[in-house]
Amino acid sequence: MPAVPAALNFKMKDIDGKEVDLSTYKGKVVVIVDDDVEIRDSMRLLLNGWGCRVVSGATLAEAASGLQAA
């Protein structure tokens, strides 16, 4: 069996050091507003990997429009 890359096999912890179950984010809608397309795309990939539905835009108006369409 091939090894899982370390970046995909991590444990997220909260501020108190308790492990967070990423499956709790599955199905949540997350809105990203950032004028940097690379940041938006990176965050979308990460959050999609956690099972989130992501709506994003360079401006609040753009993101709101995408949210209404979703």
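The values are calculated or read from the model by the stated rules, or taken from the named source; none is laboratory data. Being a predicted model, the structure only gives us computed values, none of them experimental. All Cβ positions, glycine included, derive from the backbone under ideal geometry; neighbour counts span all protein chains shown. Note: accessible area is taken over every heavy atom of the protein model, side chains too, but ligands, DNA and RNA are not part of it. Shrake-Rupley method; radii C 1.70, N 1.55, O 1.52, S 1.80 Å.
Just a few scattered comments:
- So Val37, is it open to solvent by less than 80 Å² (accessible area, probe 1.4 Å), modelled with pLDDT of 95 or more and in contact with a Gly (Cβ under 8 Å, 6 or more places away or on another chain): no
- Among the residues of region 40-69, those identified as of a type in the set (A, V, I, L, M, F, W, C) and either closer than 22 Å to Lys11 by Cβ or open to solvent by 70 Å² or more (accessible area, probe 1.4 Å) (or both) are Met43, Leu45, Leu46, Leu47, Trp50, Cys52, Leu60, Ala61, Leu67, Ala69.
- Output for region 14-52, where each listed residue is in a helix (DSSP H, G or I) and β-branched (Val, Ile, Thr): Thr24, Val37, Ile39
- Residue among Lys18, Lys26 that is touching a Cys at 6+ places or on another chain (Cβ under 9 Å) and either at pLDDT 85 or above or on the phi > 0 side of the Ramachandran plot (or both): Lys26
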